[in-house]
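First the structure, in the form of structure tokens, and then the observations on it.
The values are calculated or read from the model by the stated rules, or taken from the named source; none is laboratory data. What you see is a predicted model; the values in this text were computed from it and never measured. For neighbour counting, all protein chains shown are included, and Cβ atoms are generated from backbone atoms with ideal geometry for every residue, glycine included. The area values use the complete protein model at the heavy-atom level, side chains included, leaving out ligands, DNA and RNA. Shrake-Rupley method; radii C 1.70, N 1.55, O 1.52, S 1.80 Å.
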Amino acid sequence: MLPVDRYRAVRARTVALTDPLSAEDQLVQSMPDASPTKWHLAHTSWFFETFLLAPHEPGYRVFDARFAFLFNSYYETVGAHLPRGDRGLLSRPSLAEVLAYRRHVDDAVARCLERADADDNDARAICELGLHHEEQHQELILTDIKHVLG
């Protein structure tokens, strides 16, 4: 599978996991060790924006500068972050804004991967790492929402 196709498939699978959930379901944080579904959706986008797009896509414009604080998890070297137990306090950005953020990042990543020549192993490796990271968050979404709905 081409990198762009794999990227789109993994990202689509994440959103598909959330399709049965309401916006309200995706806001809940049922315990400090869990994260709201909406946060997972934004955090994985933040990862691609921070580690792939910012350094590898010339002229890339971040979607919203505030997201660097809101959706960083523990990457202390790239900036401050909201404490994990406080993620459920975020009513904003809305789920619609988070999904718009994902589309913004997805479009830019697709352009980046299509533009990158076959020898740009750094960008491709970062993208692959990001996809594994996204797949881990797919598991976390299922675990966290099971706790919420339980």
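Any residue in segment 62-82 that's on the phi > 0 side of the Ramachandran plot: show its pairings with residues that are open to solvent by 80 Å² or more (accessible area, probe 1.4 Å) and modelled with pLDDT under 95 at Cβ separation under 7 Å, as long as the two are six or more apart or on different chains.
none
Yes or no, residue by residue, for (1) in contact with a strand residue (DSSP E or B) (Cβ under 7 Å, 6 or more places away or on another chain); (2) among the polar types (S, T, N, Q); (3) within 20 Å of residue 124 (Cα to Cα):
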residue: 18; (1), (2), (3): no, yes, no
residue: 23; (1), (2), (3): no, no, no
residue: 36; (1), (2), (3): no, no, no
residue: 39; (1), (2), (3): no, no, no
residue: 52; (1), (2), (3): no, no, yes
residue: 56; (1), (2), (3): no, no, yes
residue: 65; (1), (2), (3): no, no, no
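Considering each of 103, 87 in turn, give the residue that is assigned to a helix (DSSP H, G or I), over 23 Å from residue 29 (Cβ atoms) and not hydrophobic (A, V, I, L, M, F, W, C).
Numbers: 87 fails: over 23 Å from residue 29 (Cβ atoms).
Going through 103, 87 in turn, the sole match is 103.
Filter segment 1-33 down to the residues that are surrounded by 12 or more Cβ atoms within 10 Å (Cβ to Cβ), aliphatic (A, V, I, L, M) and assigned to a loop (DSSP other than H, G, I, E, B) and list them by number.
Selection gives 21, 23, 28.
Looking at the structure I just gave you, is residue 98 touching an Asp or Glu at 6+ places or on another chain (Cβ under 8 Å), in contact (Cβ under 8 Å) with a residue 60 or more places away in the chain and of a type outside the set (Ser, Thr, Tyr)?
Numbers: touching an Asp or Glu at 6+ places or on another chain (Cβ under 8 Å): no; in contact (Cβ under 8 Å) with a residue 60 or more places away in the chain: yes; of a type outside the set (Ser, Thr, Tyr): yes.
So residue 98 fails the test.
Any idea how many residues of segment 117-139 are modelled with pLDDT of 95 or more and open to solvent by 70 Å² or more (accessible area, probe 1.4 Å)?
4
Test each condition in (1) under 24 Å from residue 96 (Cβ atoms); (2) out of contact with any Lys or Arg (no Cβ under 9 Å at 6 or more places or on another chain); (3) at pLDDT 95 or above for residue 39 and report the one that comes out false.
Exception for residue 39: condition (2).
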